[in-house]
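Okay, so here's the structure we're looking at.
Just so it is clear, none of the values below were taken in a lab; they were calculated from the coordinates. What you see is a predicted model, and the numbers here were worked out from it, not measured in a lab. Neighbour counts run over all protein chains shown; Cβ positions are idealised from the backbone, glycine included.
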Amino acid sequence: MEGDFIPQQSLEKIEQIDAADLVVGILANLDHESVATVHEALRTLHGDLRIVILLGDASSVPAQAGSPSSGNGPQLTFVSWPPIGADTSGTPMQSISAAYLSLFAAGRRLGAQAGCIIASKLESVPPQWVCELVQPVLETGFDLAVPHYVRRKFEGLLNVSIISPLIRCLYGKRIQNPLGPDLGFSRALFEMVSGSDGNAHRIHPLASLAPVAICDNLRVCQVHVGPRILPPTDWTNTSSLLVQALGPVFLAMERNAACWQKTRGSIPVSGFGEPLTASHETATVDVNRLLNSFQLGNRDLQDIWGLVLPPATLLELRKLTRLTPEQFEMPDELWARIVYDFALAHRLRTINREHLLRSMTPLYLGWAAGYAKEMEAADEVAVERRLERLSNAYEVSKPYLVSRWRWPDRFNP
Amino acid sequence: MREQVKQALDQSTTRFITALTRLLPGLVVLIVALLISVILAWILAIIVRRLLVSIRFDQRLVGWGFPSTAEWSPMKSPSVLVSRFVAALVVLTGLLIGVSAFDAELTSLLVRSVFAYVPNILGALLVLLAGIIIARFLARSVLIGAVNMNFQYGRLLSVGVKWLVLVLAVAMALEHLRIASGIVELAFGILFGGIVLALSLAVALNAKELVAKSLERETTKTTTERIEDPLRHL
């Protein structure tokens with residue numbers, strides 16, 4: 001029930017609000033200045049919209065911002081919403097998922113036409129993002145607006161290596177960041193994901209939004225929203241990150257199997273906003289550390305990988321370990337097949353799912369090593385070309401996935 | 001004299017026939033019980049095997065962390081092994097029921113003591129099974145965790161943890177079976193201590209490497225500018 005996701009202290013405040021057209025959730029704890037900027041940015045939206053903003057810490061809201069504005073233009077109401085705030089107890093993905101469920105519940109209760117979540121910190125995200133993400137939904141009739149961040153070649157590696165090409169190849173839509181986390185969505189979509197017939201998607205709403213939207217023929221677009229600064233890498237936690245990010249994606253893949261097995265090829269989605277370019281980076285990556293992890297995994301995890309990967313793939317991986325760091329490169333087709341095999345093993349529960357995804361870490365770091373070495377001196381165009389090649393490899397290898405998915409015992413090359 | 005011998009022989013024959021007639025119903029019951037139990041065992045074995053095949057038990061067992069179970073069974077199939085075990089259990093139960101039908105005090109006592117011991121055997125088997133599952137799970141967790149933390153001795157740690165849990169499970173199972181509990185306790189203490197010592201050495205050896213690397217990094221940091229890792233995963 002939607003009430004389960006609405007905190008008691010916020011429920012009273014929500015009940016006082018009659019209805020809303022737009023519900024905006026801001027995950028980051030904002031200072032007075034940032035709240036005022038968001039406030040001003042939302043006022044630029046057209047029409048007499050009733051906007052409810054859910055904030056983790058509403059104490060930072062200026063007194064004048066808390067009261068509905070008079071005259072023409074949007075009416076803004078701030079509501080304190082603890083699940084939206086930074087949650088230190090859970091993992092980041094779980095916190096964001098909880099925030100999404102919470103926002104869906106508020107949206108349903110208020111009868112909102114659209115919703116939006118800003119999960120990135122506003123120091124790095126311009127406040128007008130809120131408007132840019134909701135405008136296609138409110139004004140052009142799109143159901144899901146996903147962000148298209150300025151690509152930095154060494155950022156969002158998990159997304160560029162697995163999530164984005166996998167979603168593209170499965171569902172046939174070229175989306176740069178299917179998991180957002182900053183997203184705009186329509187009432188139709190969030191009702192579908194959080195409604196009574198979509199209980200299964202409630203578990204991981206973030207990973208379900210794009211697949212559900214595409215499979216149900218809803219309209220999806222991308223919004224060019226500028227650069228996003230990601231937190232520094234915690235190397236001791238890479239495997240947890242894989243579990244958190246890939247688990248929901250593989251689950252969504254399992255649930256939408258009937259839909260993606262029919263899809264062939266991929267097409268771009270509508271774009272909004274001006275594409276921006278990143279400055280040329282000349283950063284150096286410690287490839288040896290990544291390769292050491294890959295080599296160690298290849299030495300010690302053969303028993304586990306042997307349960308997941310077919311013999312031909314294991315043989316190719318063994319060949320890779322004999323290469324020098326200068327020669328090392330994981331072929332795209334091999335990488336795509338590895339991802340598919342792990343997705344299949346996740347579905348079949350070949351081994352404990354957490355073990356499975358954690359055991360993928362050395363393989364992922366191996367891919368990252370090859371990519372980092374190749375892209376060290378590459379410019380933005382070369383990076384785009386490289387990632388396009390990878391996405392094509394996923395698409396070319398899709399028949400392999402479909403065959404293994406349908407006949408896991410019989411088709412085992 | 002002849003009369004006396006004849007009488008003695010008659011009495012012996014009568015005693016023998018009486019004993020035989022007293023034994024015969026029991027024997028028939030034993031044969032019938034055995035026959036019924038064999039038929040039941042055969043049917044049950046087929047059902048169990050089909051059930052296990054339908055749930056892909058062999059493949060699942062490999063997934064649960066028993067990749068070498070195929071070697072235990074002569075037919076190279078854990079499903080066959082389990083079905084035969086069930087069949088043997090049914091035949092054994094039938095045999096015990098049949099033996100109890102002799103109505104002799106000795107056999108009744110034997111059957112009673114065997115049946116009284118069955119819960120111990122089942123308990124020990126359960127403990128052992130749980131121990132094997134936990135050992136495999138923990139070994140895999142430790143191995144994956146160690147590899148992801150770049151521990152060079154991850155495999156050794158994993159094997160150590162597995163044997164630690166297995167030794168504990170076997171000791172508990174033997175305790176449950178009431179077999180030489182004093183010796184088991186002593187052997188368990190020695191083995192457990194030995195494994196802990198081996199693991200400590202493994203960790204210490206690994207830690208030595210880690211500390212050396214860490215110190216090396218610290219030293220490098222003081223002389224050269226620390227380069228921030230540009231990789232971001234999500």
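For A:Arg50, the amide hydrogen comes within under 5 Å of the amide hydrogens of A:Asp21, A:Leu22, A:Gln75, counting only partners 5 or more places away or on other chains and with H modelled in the peptide plane.
Taking 23 Å as the cut-off for C-alpha to C-alpha distance, list the pairs among A:Lys319/A:Lys373; A:Lys153/A:Lys373; A:Lys262/A:Lys398; A:Lys153/A:Lys262 that go past it. Cα-Cα > 23 Å for A:Lys153/A:Lys262; rest within.
Here each label is just a point 7 Å from Cα along the line to Cβ, and for A:Leu276 and A:Glu12 those points are 4.2 nm apart.
Each principal axis of the Cα atoms in region B:9-66 has its own extent, and those three values, largest first, are 71, 21, 10 angstrom. Relative to its Kirkwood radius, the Cα radius of gyration of region A:294-413 gives an Rg/Rh of 0.97. Less than 5 angstrom separates the built amide H of A:Arg174 from those of A:Ile267, A:Val269, all sequence-distant by 5 or more or on a different chain. Label region A:282-349 by shape, choosing from rounded, prolate and oblate, from the square roots a ≥ b ≥ c of the eigenvalues of the Cα gyration tensor; if a/c is under 1.5 it is rounded, and otherwise prolate applies when a/b is larger than b/c, oblate when it is not. Verdict is prolate for region A:282-349.
One Cα centroid belongs to region B:1-65, the other to region B:75-96; the line between them spans 16 Å. For the pair A:Glu254 and B:Leu27, label points projected 7 Å from Cα toward Cβ lie 6.1 nm apart.
Amide H contacts for A:His148 (H built 1.01 Å from N in the peptide plane; partners 5 or more residues away or on another chain; cut-off under 5 Å): A:Val223, A:His224, A:Val225. The simple Förster model, with R0 at 30 Å and r as the Cβ-Cβ distance, assigns A:Glu374 and B:Val203 a FRET efficiency of 0.20. Remark: region B:18-29, residue by residue, has Karplus-estimated 3J(HN,Hα) of 4, 4, 5, 5, 6, 7, 4, x, x, 5, 4, 4 Hz, where x stands for each Gly or Pro and the curve is 6.51 cos²θ - 1.76 cosθ + 1.60 at θ = phi - 60°.
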